[in-house]
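Taking it in order: structure first as structure tokens, then the write-up.
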Amino acid sequence: MSTNNLSSSASGRFSLSAAALHILAMALMLMDHLWATLLPAQDWLTCAGRLAFPIFAFMAVEGYFHTHSFRKYALRMLGFALISEWPFDWAFFSGVYWGHQNVYFTLLLGLLAMKALDTYQTAEGMPALKGILGAAACFLAAALLHCDYDVLG
């Protein structure tokens, strides 16, 4: 079974590769952004588009568990967050606006929360207080920065 393409095995199971999931999420995100900027009367676009975030969040978790360097992964996420902030602000707020941050900041804070919970564990594998406080700091940062999807993201 190919890992690079959409595939279906003889058992009837359906699988999507990481690349296919990224393309699907990007297409759904484009639909959502079209609704928000150019086609506001097309509510179905936002319904379809809201499926993009859970896919991107899933891919971030997969990236976290499969990356060879968390530091490089987090820095790439930060880079994309910074690069995409200006077009995001212009598309949604008609200029630079610091009152709302794009979804890359949400995903980055989620990665940092996972790292805190993963790094600081008890002997039983449960998060220790340091990990819980680290994750809570990420949640607070998401709220204070007004990231896409806020703390829930």
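Brief remarks follow.
- The mean sequence distance of close C-alpha pairs (under 8 Å, at least 6 residues apart), as a share of the length of segment 56-153, puts its relative contact order at 26 percent.
- Overall, the accessible surface of the chain at a probe of 1.4 angstrom is composed of carbon and sulfur to the extent of 70 percent.
- Protection proxy ranking, peptides 61-68, 31-38, average beta carbon neighbours within 10 Å, highest first: 31-38, 61-68
- Descending semi-axes in Å of segment 101-153, equivalent ellipsoid built from Cα gyration tensor: 23, 9, 7
- Cα shape, the chain, gyration tensor, a/c 1.5 rule: oblate
- With the charge dipole of segment 1-116 set up from +1 on Lys and Arg Cβ and -1 on Asp and Glu Cβ about the Cα centre, the Cα lying farthest toward the positive end among the listed residues Y104, F70, A20 is that of F70.
- Taken along the Cα-to-beta-carbon direction at a fixed 7 Å, the label points for L129 and F58 span 3.8 nm.
- Accessible surface, the chain, averaged per residue in Å² (probe 1.4 Å): 65
- In sequence order, calculated HN-Hα J values of segment 127-132 (Karplus, 6.51, -1.76, 1.60; Hz; x Gly/Pro): x, 7, 4, 4, x, 5
- Highest average packing first - 49-60, 121-132, Cβ atoms within 10 Å: 49-60, 121-132
- Amide H contacts of Q101 (H built 1.01 Å from N, under 5 Å, at least 5 apart or other chain): C147, D148
- Whole-Å distance, taken between Cα centres, linking segment 121-139 and segment 68-90: 24
The values are calculated or read from the model by the stated rules, or taken from the named source; none is laboratory data. Since we're looking at a predicted model, the values are computed, not measured. Please note: Cβ atoms are built from the backbone with ideal geometry, for glycine as well, and neighbour counts cover all protein chains shown. In case anyone asks, the SASA skips ligands and DNA or RNA and just uses the protein heavy atoms, side chains included. Shrake-Rupley method; radii C 1.70, N 1.55, O 1.52, S 1.80 Å.
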